[in-house]
Structures are given as C-alpha cells and as structure tokens.
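Presented below is the structure to which this report refers.
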Amino acid sequence: MSNTVSKLMRATLPLAIVIAAGCQDSTGPRSSELDTQAALADYAAMDAVLESSIWESFRMTAEGMESTALGGAQAGAGFYTSGAPLISDDNRGKTFVWDADADRWVADPELTDAPENGVRFILYEPMGAEPDPTKPIGHADLIDLGDTAEGIALRLIVVDGDLTVVDYTTTLAGAEGNGRVTVDGFVQNTRDKLDFEIDVRGQNTGSIERGDITFTMGIADREFSVSGDVHGQKQDGSEHGTVDLTVRHGAASFRVDVESENDQLSGFIDLNDAPFAVVSGTDGHPVFKTSSGGEITGAHALVLWRVFDVTEDVFDLFEDLIEPIAGLVIIAVIL
C-alpha cells in the first residue's frame, strides 16, 4: 500500500494552513483565553529541538545506517523470520566512520565501544550534503532488541558529549496486507525535551488502502502537548480523510475536527470548548472563518498556522525516525 499514510494523511492536514497565512491584523475570537506569545514560544522551543546540529547530523547519517548495518535482516513469511538477527552478525559490535574518499561508511577496528547487540555510527558536522570526517560531534547507536510481544524492535540512541540527544524504540509488525510501526521516545537539546509516541497502521484489503496514525507529542515543562488521530482511506480513486486533534498551551486547549470527502472540506476548531473557527471549501481552496463568518487575523492566525503545522511536524518527525530502518518499514507495508 505504497504511500497511503504519507499521501492521504498529508493531503488532509494542511488544509487550513494556506488560509491562515492570509490574515494580517491583531484581532481574533476569544482573544482573552489565548496567550498567543506563549503559544508561539512553545513552537519556537520545539523548532529549536528539531533544528540542532546533532539532529541534523543524525538525519544525514540515518539513510546510510540501514544499508550498512542491517545486511543480515531477513524477510520471512510476509514479513520477518522470528529470531533472525536484524543487525548482521558480521556488523554487531562494530563502529562505523565516514570514509570521504570511498564515499561510504566503513568499520573502524580501532573503535571498540559499540553495543554488543548493535552498531555505532560516528556523527559529524555536515559539509554540504555529506558528513565532514574531520569534525566528529557525537555518535548514534542502533541496537537490536529482537522479538517482542508487539513485533520486532530496535532502539536508537544519539549522544552529544554527555547529553543523550535522542533515545527511542521502534517496533514493527506486519503480514498479509496489514502493518504497524510505533516509535516511542524523546529528542532534546540543552533546554527542552520533546517526548513523542507515534503509532502508524496500514492496511491494503482488496481495492481499499487505509492508513491510521495516533500520536502524542509535547514538552512537559512548558505544558505544551499535541495529540491526535488521523485517518486516510482511498478506494476506487476516491479519497477520504479525517483529523481529530487536541493542542494544549498551558490553560488554552484547541480542538480540531476536520473531514475531507471527495475534495469537500467541513470541520471546526474550538478553543477551550467554545467555537473558534469553522473550515469549509475544497482541498485546493479552503475557507477559514470564525463561527460568525468573520476573519481570523494577526497572532491568532499565526497560532492556528502552527496548530496545523505541528501535525505536519509529527509526520516529518516520524519519517526521520524510521529512516534508519526504512526498508523494514516498507516490508511491513506501512509506507
């Protein structure tokens, strides 16, 4: 079910981003209930976590991790042979460094601190589109946790000096047109810690392609969180999508409930259980108004932009986190 989650769900979520961008002045509905500056500061903190140099280095390295480390992963009946090592015996316990001359990752026998049931990759500052082997800044450990009750599992840990920047576990299960991938852990910088739990399920039954994602993400110390359920379905050329989203900024809580049916949008956004905005129109030309038909403007429009954009950030984060094992995810019939 190629691209069901990515295409159907991404088509549903950005539907109000464009319309929010056109608003300009500083008025908005129920303005006394929303501290717009505090809300925008929450998003700035999240952006800073996901824009650190070590995170960018991990993203650059992630694609090469699978082809280098998972040479021994085996696909069995529909998905996976129970007990087969995901990380090949030849690679376990090895540390890989970037060889610029060879344009690939190579094992360094002089580095011996890799986990016994995994591999280590030295992370470097970017130099254009490739790592700069003269500027190491940390390391990433990919650890094979073996079979679990939820499926097969791997853990990835990224360390920068004394700080564990990333730590999460990925589980995968799938067979006969059904698949599931979960990622659970955190990304942080020296100031803020972004916790996440993302559960993606895919199904391909006959002529129906279906994707569902449930997630929570947030920075607890800031009382900032986003949680939601997104559904996408495609059948005989017809696409249907729904978004049910809750975003909290301290005492302020947004509820987003939007549906796309054959290119026609309908839905609402509440603030603290009271009407804030309604959505109508089409995927290509959405209409975003207050419940009384007025405009959403100024800082309130910027916050609404980020309310939708943060869900897109969830998808971007999920894609980055599964990149080190993207081939296994494809086998699991998720993307």
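The values are calculated or read from the model by the stated rules, or taken from the named source; none is laboratory data. Keep in mind it's a predicted model, so treat the numbers as computed, not measured. Ideal geometry is used to build each Cβ from the backbone, glycine not excepted, and the neighbour counts take in all protein chains shown.
Those residues that are of a type outside the set (D, E, K, R) and closer than 19 Å to Glu312 by Cα, I need them from segment 204-220; list them, please.
Gly211, Ile213, Thr214, Phe215, Thr216, Met217, Gly218, Ile219
Is there any pair with a first residue in segment 36-53 that is over 15 Å from Val165 (Cβ atoms) and a second that is among the β-branched types (Val, Ile, Thr) and in a helix (DSSP H, G or I) whose Cβ atoms are under 8 Å apart and which are 6 or more apart or on different chains, and what are they?
If the second residue must be among the β-branched types (Val, Ile, Thr) and in a helix (DSSP H, G or I), the pairs left are Thr36/Val303; Ala39/Val303; Leu40/Val303; Tyr43/Val310.
So Ser26 passes all but one of these: (1) within 30 Å of Phe224 (Cα to Cα); (2) modelled with pLDDT of 90 or more; (3) assigned to a loop (DSSP other than H, G, I, E, B). Which condition number does it fail?
(2)
Scanning segment 161-191 for residues that are touching a strand residue (DSSP E or B) at 6+ places or on another chain (Cβ under 8 Å) and at pLDDT below 90, which turns out surrounded by the fewest Cβ atoms within 10 Å (Cβ to Cβ)?
Gly177
Considering each of Pro115, Pro136 in turn, give the residue that is touching a residue at least 12 places away in the same chain (Cβ under 8 Å), within 22 Å of Ile325 (Cβ to Cβ) and not charged (D, E, K, R).
From the options Pro115, Pro136, the qualifying one is Pro115.
With the requirement that a residue be surrounded by 15 or more Cβ atoms within 10 Å (Cβ to Cβ) and closer than 21 Å to Lys94 by Cβ, what does segment 136-151 give you?
If the condition is that a residue be surrounded by 15 or more Cβ atoms within 10 Å (Cβ to Cβ) and closer than 21 Å to Lys94 by Cβ, then Pro136, Ile137, Gly138, His139, Ala140, Asp141, Leu142, Ile143, Asp144, Leu145 are the ones that fit.
Filter the strands (runs of 3 or more DSSP E) completely within segment 89-160 down to those with at least 1 residues that are under 27 Å from Val183 (Cα atoms), of a type outside the set (Asp, Glu) and at pLDDT 95 or above.
95-99, 118-127, 130-148, 151-160
Which of the following residues is over 30 Å from Asp167 (Cα atoms) and either at pLDDT 90 or above or touching a helix residue (DSSP H, G or I) at 6+ places or on another chain (Cβ under 8 Å) (or both): Val310, Val279?
Exactly one residue qualifies, and that residue is Val279.
When the residues of segment 251-279 are filtered to those that are out of contact with any Lys or Arg (no Cβ under 8 Å at 6 or more places or on another chain) and small (Gly, Ala, Ser), which remaining residue is surrounded by the most Cβ atoms within 10 Å (Cβ to Cβ)?
Looking at residues that are out of contact with any Lys or Arg (no Cβ under 8 Å at 6 or more places or on another chain) and small (Gly, Ala, Ser), I get Ser260.
Of everything in segment 83-135 that's closer than 23 Å to Ser53 by Cβ, β-branched (Val, Ile, Thr) and over 24 Å from the mean Cα position of the chain (by Cα), which residue is surrounded by the most Cβ atoms within 10 Å (Cβ to Cβ)?
Thr95
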